[in-house]
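Throughout, read-outs are computed from the coordinates displayed, never taken from laboratory work. Owing to the predicted nature of the structure, the values given are computational and were not obtained by experimental measurement. All Cβ positions, glycine included, derive from the backbone under ideal geometry; neighbour counts span all protein chains shown.
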Amino acid sequence: MREGSLEAPTRHPLDWQSDDFYDPESIDTELRRVFDICHGCRRCFNLCNSFPRLFDLIDESDSGELDSVDSNDFKAVIDDCTLCDMCFMTKCPYVPPHEFNLDFPHLMLRYRAAEFKRGERGFIDKQLAHTDRNGKLVAPIAPLVNWASRVGNSLTRPLIEAITGIDKRAAVPEFKFRSLEKKLRKLSQPVEVSAPAHGRKVVLYATCFANYNNPDIGLAAQAVLARNGVDCEFVYPSCCGMPKLENGDLKAVAASAEKVSAAMGTWIEKGYDVVALTPSCALMLKFEWPLLLPDKPQVKALAAATYDLSEYVVDIAKKEGLADGMSPLEGGITVHLSCHSRAQNMGAKAAEMLRYIPDTEVSVVERCSGHGGKWGMMKAHFDTALDVGKNAARQIGRHGHAYVVSECPLAGEHLLQTMEDQEVDLRPEHAPNPIQLIASAYGHKTESV
């Protein structure tokens, strides 16, 4: 038996349609097997809060071993997992193809899927995961909702906290009155036919966040790609299902995969690449969907055709070269590499992309922001999220650059809050997506730059 593995990690399809996948005894047996290996290794002690919580449970037990830890106490460990995949991708020496066959995040997902199937997932968690419905309902009253959800609103935020469990101190995404889809009906970007990459065709998968919360990401992406000669189409059949994946609602995620892959299939057949505007969505399309539906050709085809946004711009830069015309951005840039960017195993593409801006210093922060989707907004986790993110926030502060960016919009805003909590000087007002700085360097201004 090998002590560890130096081979590239591989993942097995999720057997989520079998009865054994949801069997409590089978899940507990696997939890104990995996947790005991983690206990003997402890390389992941400084990642998310799941591992310190697990190790404290064991160390404070009667025997100091897993055998004296009650299985009911495992839920706290599972609830602290944000499905960031960093343990699987960067730390664990026992992931497949090692014979120990550890996949900690997907085991946490299996536990949540069983919870969901038994009807144990909370009402608010389920409602927050309906991002498309929520975006459409809120849009007509977006200014009112944004006022009510603004941090510091002493009239409404305590009430929201009492009803939803969202910490009154936590920044939550704003909604837009006009979605990205609606804005694009009135806007067009002429394609630069003299650009080196002219002839490329791309479908931009709008994502729920870019569509309802920050259309500027999509508009900036369109501007940059058009400047580089790329013909762009926007397609948004539905959310990728990441919020529902976090809840364990695998049936709904599979339905999203089938719907989106069917809509994208027509474009892929026409020779279009697919670019997701946010890293969590790219991760879903590339990796999570094929593990849920390994026998669906359209899902496989979509995974093979999908790029992360920064990854695609870098691909243009390396193969054809970027169009001239970018100007330096004074003050330098600190780019936070989100966990779901890193989990795509593509390298630091956001930083690589930003380094094409001339005469502009770019620094990288790889530490976890602590946000973890809606997890970090909840009252039960907000203080932990601040604590986990403090090292990244301090590192950003030490760089002292004028711009702070993150491919994950939730991580970016949470880091700004953490910087405030840590009393870091030189805090920018916004943490835009890296593509917005590329657009700005080309002379295309967006709201949050």
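Across the stretch 423-436, rounded Karplus estimates of 3J(HN,Hα) from the backbone phi angles (6.51 cos²θ - 1.76 cosθ + 1.60, θ = phi - 60°) give 6, 7, 6, 6, 7, x, 6, 10, 10, x, 6, x, 5, 5 Hz, Gly and Pro being marked x. Separation of the alpha carbons by more than 32 angstrom is noted for no pair of K244/K349; K168/K244; K176/K379. All other residues whose Cβ lies under 14 angstrom from that of S338 are scored, Lys and Arg at +1 and Asp and Glu at -1, for a net of -3.
Counting pairwise Cα distances across the stretch 1-73, what percent come out greater than 20 angstrom? Spell out each step's value before the answer.
Values: 1195 of 2628 pairs.
For the stretch 1-73, the fraction of Cα-Cα distances above 20 Å is 45 percent.
Close amide H contacts of V230 (hydrogens built in the peptide plane, cut-off under 5 Å, sequence separation of 5 or more or a different chain): E192.
Under 8 Å for C-alpha pairs, at least 6 residues apart: give me the relative contact order for the stretch 93-170, rounded to a whole percent.
On the way: 31 pairs, mean separation 10.0, N = 78.
Reported relative contact order: 13 percent.
Between R427, R367, R43, the residue with the greatest mean-square fluctuation in the GNM of the chain (Cα pairs under 10 Å linked by springs) is R43. Take every pair of alpha-carbon atoms less than 8 Å apart whose residues are at least six positions apart; their mean separation over the length of the stretch 211-328 yields a relative contact order of 24 percent.
Expressed as a whole percent, how much of the Cα-Cα distance distribution for the stretch 123-164 exceeds 14 Å? Before the final figure, lay out each step's value.
Working: 486 of 861 pairs.
Every Cα pair in the stretch 123-164 considered, those over 14 Å come to 56 percent.
Calculated from the alpha-carbon coordinates, the stretch 326-441 shows an Rg and a Dmax of 13.5, 44 Å respectively.
The convex hull defined by the C-alpha atoms of the stretch 20-117 has an orientation-averaged projected area of 6.0 nm².
For Y307, the residues whose amide H sits under 5 Å from its own are V274, V275, A276, ignoring neighbours fewer than 5 places away on the same chain, with H placed 1.01 Å from N. Could you work out how far helix 409-421 tilts from the main Cα principal axis of the chain, as a 0 to 90 degree angle to the nearest 10? Computed tilt is about 70 degrees. Take every Cα pair under 8 Å whose residues are at least 6 apart in sequence, average their separation, divide by the length of the chain, and the relative contact order is 14 percent.
What length, rounded to one decimal in nm, is gained on full extension from A380 through to D231, with 0.36 nm per residue of separation minus their alpha-carbon distance? All intermediate terms of the calculation are to be shown ahead of the outcome.
Details: separation 149, 0.36 × 149 = 53.64 nm, distance 4.52 nm.
Contour length minus Cα-Cα distance gives 49.1 nm.
From the Cα gyration tensor of the stretch 88-204, with a ≥ b ≥ c the square roots of its eigenvalues, which class applies: rounded if a/c is under 1.5, or else prolate if a/b is larger than b/c, or else oblate? Write down the numbers at each step before the final one.
Numbers: a/c = 2.40, a/b = 1.07, b/c = 2.24.
The shape class here is oblate.
Axis of helix 104-117 versus longest Cα principal axis of the chain: the two differ by about 80°, to the nearest ten degrees. Listed by chain and number, the lysines whose alpha-carbon sits under 20 Å from that of K182, ignoring those within fewer than 8 places in the same chain, are K136, K445. For the residues E352, E115, E429, a GNM of the chain with alpha-carbon springs under 10 Å puts the largest fluctuation on E429.
Of all the C-alpha pairs in the stretch 291-351, what % are more than 17 Å from each other? Above the 17 Å cut-off, the stretch 291-351 has 59 percent of its Cα pairs.
Working note: Karplus 6.51/-1.76/1.60 with θ = phi - 60° gives the stretch 53-59 the couplings 5, 4, 5, 5, 4, 5, 5 Hz, where Gly and Pro are set to x.
Could you calculate the FRET efficiency of K318 with D67 from 1/(1 + (r/R0)^6), where r is the beta carbon distance between them and R0 is 45 Å, rounded to 0.05? FRET efficiency, K318 to D67: 0.25.
Given Cα positions, please report Rg to Rh for the stretch 151-289, the hydrodynamic radius being the Kirkwood one. Could the numbers behind the result be given before it?
Numbers: Rg = 17.7 Å, Rh = 16.8 Å.
Radius of gyration relative to Kirkwood radius: 1.05.
Calculated [222 nm] ellipticity per residue, helices only, for the chain: -13000 deg cm²/dmol; basis is -39500 (n - 2.57) per DSSP H run with n ≥ 4, divided by all residues, nearest 500.
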